[in-house]
Every structure is written in structure tokens, then in C-alpha cells.
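Below you'll find the structure, written out as C-alpha cells, and then a few comments.
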Amino acid sequence: MSHAWLSSPILAQLNSGVIVIDDEYQIHYLNAFIERHASVQLSEVQGKSIFSVFADLPEAWLKRKLMSVLDLNTPAFSSWEQRQYIFKLPHLRPITSSSQYMAQNCSMLPLVSDQTDQPLICILIEDATDAFVYQQHLSKTLIELERANRQDGLTKVLNRRYWEEQLKQEIHRAQRYHHPLSLILFDLDKFKDLNDKYGHLGGDFVLIQLASFISSLLRDSDLFGRYGGEEFGIILPDTGLEGAVEVAERICQAVAEYPMLFNQQTIRASISMGVAELLPKQHLLHDDVIRCADMALYNAKRAGRNRVCSYLAGETEYQKKVN
Amino acid sequence: MSTLGFSEEQRDCLQEIINVAMGLASDKLARFLNTFVHLQVPSIALVGASHIPAEFENRYQDTEAALVSQGFFGNEGVRGEAIVLYQMENAHKISALLGYEVGDVSEIEMLTDISSILTTTFLNGLADQIENSLSYSAPRVLSSVKGDMSSLLRNTSFHWEHALKVDISYQLVDHSFNCDMILLIPGEAVTNIQRILDRILEDY
């Protein structure tokens, strides 16, 4: 018993597109899926060139694919991952999906016909929109995860681990290309007093506000991270000591003049800053530069806070004298 | 190397079929690419799939390599997965030959196209001779990164018992292009192929 009669109802029900063309790109057949999605009727497009019916097709690209099918008698494929769609068709989830057109996996298969010697190609179009949407969600999530992995949860600046990694890389780069590099370490003055006066929420508020304010004062290439508690670090690539001190002075002054409104109260804060430049011969490890900047920061604290101190070459101990 | 239960006659028969398939493929490719294609007699080996990663570790070490997989299945339980391995510098060569221009298509698409053409022309020729016909899955790039080739192969070939390793070397006029093709074949499919080989041998 022949099952040939089944082909027609199955093709009509099939949730994939089927288009048959010949070696002159003329349409011999297309199924209901294509008729509905592309708003065409087989009776109207039969015998017409596929490139005139579907005007948006990437013609040169598709012809090359089709030629390989005809010449080699082998299938050719196209995946949504490389080319989101070949046929510009709307898809079935216009509401819940972010993409406008149906993502497609297409197979181009050589067909043997009993009725004619003319070579035919069957183009199968499968809707891959769901996979496309999942992939988009996944990519977005991965980007967010990556960001979360390098961000400090509270202040949104770089976290310590990532910041130190960046410092190592920047030092490496500066040494290789003989570029200057400077580091600023700073600390919120009397943070404990702020916490006592405004509560921990107030303290956190100040950290968040200042981190965001200081970020806005920096260049894109500067790397701003939270070193711990109320201590932060800024890596300044391609910047010598003089330039770094200038930046620090500007930040220090701007912070002192920056009022923050918390629960109808104006909070003013100040910071103490230590600046050190990478000295290629002395600073072999990133810890060495941090230690120098930390020494300068300590001196700024001892000198009365709300100021910038820079590390002087040869300095090995914290300044003993208190101003 | 174990014979994996293939008799000498079966092995000879398979080598002959592969030689002819390769000849057919090179003829088609030459006409398609409009250039003379010289194909060496492919060296084939049947190996346990677990041997595959170590074997390619050296050859693709320190080079940018790519690995493309394509499934195939036919009648009488013939099925498996074809993996084509390239050094990327070789892949760039053939892309120019296929008429791609820089920026025209993505590197991945270029790779899947080349692999699909190589795999399906060869396997179609093979299927013809055993009076079979094959269907193919879309080719998929498993990796195109430096290094991690062997661990990827290890993960890929782990579930497969047998591998038919075919070394292919295409020499085109003014170009030379090398790649390796591995046909990974699961256990019961190998038995099915042996049955087909026996039938062919009987006919002689």
C-alpha cells in the first residue's frame, strides 16, 4: 500500500518551512508554513525566482550555498548562530521574545525527481527562535555574572581581588613598555565617628555616595577599587607621580566640598590620600607599590588628615613626627 | 594497534571503499573549485576512540586549531559522527578558494561550510559504494581556540567505542591544504558495517 497520499497533509501540518526550487532558482513548491508566515500563495509564486519573491534574501551568499548543493550533490547548512535568519519571517512569540524575526536553522538538500531531469533543491527552514532567546538570556546572564564577579557589592567599584589582579597586569604592562604608573590609596577620615553618629546605614550611605562621586572624577582608564572597609585604591596607568598628586589633590578637595544628604541631615566627609609611583627597580611586586602608597597614606593621616601625601623615593619608614 | 575484530579481508575491503570514495570526492571538489586536486591515498586506521586524543595532541600543539563535528546516519544501522580537524592557517587558505571574501561570512560559518563539503562529498561517495544513503546533521564547530584540543577530543570521543581515522591531505594547484578526518563510530554500528563488508566480499 502506498503512503504517498500522506505527504501532502503532513507537509501542510509541518511546523517547519519547506521550499523547493530548481537550478534556476525558480520556486516549484512551498508548504503552508511558508505561505502563512510570508503571506504568499503557492499558486501565485510558482515559477517565479525565489529572489524576486523573497526580496530580502542574501542573494550572493545563498547562491554560493545552492551552487555547492547542485555541483556536489551534497547538503548545505546554515545555523542561526552564524546567520540569525535567511528568510525574513515573523515568529510565533512576538510578545515574549526580544527578537523581531524568526531565528532559523536551514538545510539545503539535493532532491532527485522522478518526473524531470532538472536538479531540484529542497530548502528546509526550522524555527530556532526559542534556542535564540535562551542563548540571549544566557549571554546576558554571563555578562552580569562576570560583572558581579569583579564588583564590590556595596559600592559597585571593583572588588579587592579583581582590583589587585588589574594592578598586577598594569604593573606588568608599565614595565614592559616603560610607561609610568601611579597608585593612590585613600581612606575615609574618622569613619568610625560617622558610623557612631549616623548608624551603619549612614556609614554605608557615605561609602556608596563617595565611591560614585569619585568615580565620576576619574578617567576611563583609571581603575578604582575598594581595598577593604573604608579604604580604596585607584590605579592610574600612564601617569607619573606629579600627575597622580594633581589628581589626588583635586579629588581630596572635591570630596571635602561635597555635601551628602542622609535622612534630612547633611553629612560632610573628608579623605586622606597616599600617592606612590611605580619605581621599576625597587618595586618588583604589586605589594611593594601598595606598601609605598600605604606609607604615604599613613603620613597623610599623621599630618592631620584631609590631605594628600606622596611617597618619596628612599623612604623606608613611616614618618615618625606628628605635625 | 588492535584490529578491533576486523578480519584482514574486511580491512582491505574498507580501505578500498575509502580509496574510491576519496577519489570521487576529489573529482567533485576539483570541478567545484575549478582547480586540479591531487589527493593522496588516505591512510586509514581503526582505533579505539580512547586513543584519539593523545594521537592528535602533538600534531595540533601550539597551533590555532579548529574542530568541526557533523553527525551522519543511513540505512542498515550505519551511523556515526565525522570530526574534521584543521590548523586554522590551512582553513584560511581554502576559504579563499571557496570564494569567500574577508568580512563576507564569519569564520565559524566558513569552517562549517568547508567541513560540510569535505565530509559529505566523501561520505556520499562511501555510501554509494555500499548501496546506502546518508543523512547529515548540521555541522557544528566544537572549538576554534588555541590549546585545549585534546581535552575537547577526550570529551567528544569518550562515549564512542571505535574510531575510523582517515588522514586526508589535499593538494591543490597553488595551494596545499591538510586536515584530518575522524569518523567516530559506536560499537553496534561497527558490527553493522562489518556485516555490510562481508556482503560485499561475498559478491566478489
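The values are calculated or read from the model by the stated rules, or taken from the named source; none is laboratory data. Quantities reported herein were computed from a predicted structural model and do not represent experimental measurements. FYI the Cβ positions are ideal-geometry reconstructions off the backbone, even for glycines, and counts take in every protein chain you see.
Hey, does region A:307-320 have a residue that's touching a residue at least 40 places away in the same chain (Cβ under 8 Å) and within 23 Å of A:L194 (Cβ to Cβ)?
Yes: region A:307-320 contains one or more residues that are touching a residue at least 40 places away in the same chain (Cβ under 8 Å) and within 23 Å of A:L194 (Cβ to Cβ).
Is it the case that B:L153 is at pLDDT below 70, more than 11 Å from the chain's Cα centre (by Cα) and surrounded by 17 or more Cβ atoms within 10 Å (Cβ to Cβ)? First the steps, then the outcome.
Details: at pLDDT below 70: no; more than 11 Å from the chain's Cα centre (by Cα): yes; surrounded by 17 or more Cβ atoms within 10 Å (Cβ to Cβ): yes.
So B:L153 does not fit the description; no.
Name the residues in region B:82-92 that are crowded, with 20+ Cβ neighbours inside 10 Å and either in a loop (DSSP other than H, G, I, E, B) or at pLDDT 75 or above (or both), would you?
Selection gives B:A82, B:I83, B:V84, B:L85, B:Y86.
Being within 29 Å of the chain's Cα centre (by Cα) and among the hydrophobic types (A, V, I, L, M, F, W, C) is the requirement here; does A:F224 meet it?
Yes, satisfied.
Considering only residues that are within 14 Å of chain A (Cβ to nearest Cβ) and either modelled with pLDDT under 80 or not in a strand (DSSP E or B) (or both), which ones fall in region B:26-76?
B:S26, B:D27, B:K28, B:L29, B:A30, B:R31, B:F32, B:L33, B:N34, B:T35, B:V37
Is at least one residue of region A:227-237 in contact with a helix residue (DSSP H, G or I) (Cβ under 7 Å, 6 or more places away or on another chain), more than 13 Å from A:L183 (Cα to Cα) and not assigned by the TED database to the domain that holds A:L181?
No, the conditions are met nowhere in region A:227-237.
Please pick out the residue among A:A296, A:A248, A:A211, A:A244 that is in contact with a Cys (Cβ under 6 Å, 6 or more places away or on another chain) and in the same structural domain as A:A174 (by the TED database).
On the way: A:A248 fails: in contact with a Cys (Cβ under 6 Å, 6 or more places away or on another chain); A:A211 fails: in contact with a Cys (Cβ under 6 Å, 6 or more places away or on another chain); A:A244 fails: in contact with a Cys (Cβ under 6 Å, 6 or more places away or on another chain).
Matching residue, one of A:A296, A:A248, A:A211, A:A244: A:A296.
Tell me, please, whether a residue that is among the β-branched types (V, I, T) and buried (at least 21 other Cβ atoms within 10 Å of the Cβ) can be found in region A:290-307. Show your work before the answer.
Here is the first cut: in region A:290-307, the residues among the β-branched types (V, I, T) are A:290.
Next cut, buried (at least 21 other Cβ atoms within 10 Å of the Cβ) only: none.
Within region A:290-307, none of the residues are among the β-branched types (V, I, T) and buried (at least 21 other Cβ atoms within 10 Å of the Cβ).
Quick one: which of A:D114, A:D127 is more than 14 Å from every other protein chain (Cβ to nearest Cβ), buried (at least 21 other Cβ atoms within 10 Å of the Cβ) and within 19 Å of A:L30 (Cα to Cα)? Can you show your working first?
Numbers: A:D114 fails: buried (at least 21 other Cβ atoms within 10 Å of the Cβ).
Answer to the check: A:D127.
From the residues in region B:105-122 that are at the interface with chain A (Cβ under 9 Å from one of its Cβ atoms) and modelled with pLDDT of 85 or more, which one is farthest from A:L70 (Cα to Cα)?
My answer is B:T112.
Output the number of residues of region A:54-76 satisfying the condition of being more than 12 Å from every other protein chain (Cβ to nearest Cβ) and buried (at least 16 other Cβ atoms within 10 Å of the Cβ).
Counting residues in region A:54-76 that are more than 12 Å from every other protein chain (Cβ to nearest Cβ) and buried (at least 16 other Cβ atoms within 10 Å of the Cβ) gives 3.
Only one residue in A:S139, A:S107 is within 14 Å of chain B (Cβ to nearest Cβ) and polar (S, T, N, Q), so which one is that? Explain how you work it out, then say what you get.
Details: A:S139 fails: within 14 Å of chain B (Cβ to nearest Cβ).
Being within 14 Å of chain B (Cβ to nearest Cβ) and polar (S, T, N, Q) holds for just one of A:S139, A:S107, which is A:S107.
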